[in-house]
Amino acid sequence: IVEGTDRTGEMIDDLLRFSRLGRQELKLRLVDPALLAREALQDLQADVDGRAVEVVIEEMPSVWADRALLHHVYINLLSNAIKFTARQPRAKVLVRAATGDDGVPVYSVEDNGAGFDMAYAHKLFGVFQRLHGRADYEGTGVGLALVKGIVERHDGRVWAHAGVDTGANFFFTIGGQP
């Protein structure tokens, strides 16, 4: 009963965050994604402690974004990477950016964890859509929907590539300048 109550509370909190997203005014400024990823990793340190997890955060191009919202993107993506590498004896997470075909930076968070079947990739960013059972991995099923909402508020897009038991790579772009 206590676990169910806690899980319900987490879902309500996540849904409230998700519902506020559309009404929240964007406070755009030039931000350093690598710094935000390092801060997010610090926030998640308790999830990493006691595990063999190598997290590499490369330098990335600055971007015009809402600092607090982009921080949430990295919290959610890093949290998932850490969570889904739990069964790896030596987990690896890589945060970086590359230049897309159109010259726009493409930011990514890659891991060597559980991954997923790409046949279900269309479900990833929906509210309460889970590709792994609750018994296997915790979570409310709202985090990636929140990531998608934040990225789209920034006129960007988000997508993923993965394989079962070969890890996952989440990519996103952030739109233009103010």
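The values are calculated or read from the model by the stated rules, or taken from the named source; none is laboratory data. From a predicted model like this one, the values you see are computed outputs, not experimental measurements. Here Cβ is always computed from backbone atoms with ideal geometry, including for glycine, and neighbour counts include all displayed protein chains. Side chains are part of the model used for accessible areas, which takes the heavy atoms of the whole protein and leaves out ligands, DNA and RNA. Shrake-Rupley method; radii C 1.70, N 1.55, O 1.52, S 1.80 Å.
For segment 30-53, taking the residues that are in a loop (DSSP other than H, G, I, E, B) and within 24 Å of Phe84 (Cα to Cα), the one that is least open to solvent (accessible area, probe 1.4 Å) is identified as Leu44.
The sole residue among Gly176, Gly156 that is modelled with pLDDT of 85 or more, over 13 Å from the mean Cα position of the chain (by Cα) and in a loop (DSSP other than H, G, I, E, B) is Gly156.
Taken over segment 119-153, the criterion of being modelled with pLDDT of 70 or more, under 22 Å from Ala86 (Cα atoms) and either assigned to a loop (DSSP other than H, G, I, E, B) or more than 15 Å from the chain's Cα centre (by Cα) (or both) is satisfied by Tyr120, Leu124, Phe125, Val142. Would it be correct to say that Val95 is within 18 Å of the chain's Cα centre (by Cα) and modelled with pLDDT of 95 or more? Here the answer is yes, as Val95 does meet what is asked. Of all residues in segment 54-96, those being among the small types (Gly, Ala, Ser) and open to solvent by less than 30 Å² (accessible area, probe 1.4 Å) number 3. Could you list, ordered by first residue, the pairs with Cβ atoms under 7 Å in which the first is in segment 155-167 and touching a residue at least 40 places away in the same chain (Cβ under 8 Å) and the second is open to solvent by 100 Å² or more (accessible area, probe 1.4 Å), at least 6 apart or interchain? That search, which allows pairs on different chains as well, returns nothing. Of all residues in segment 29-64, those being among the small types (Gly, Ala, Ser) and more than 16 Å from the chain's Cα centre (by Cα) number 4.
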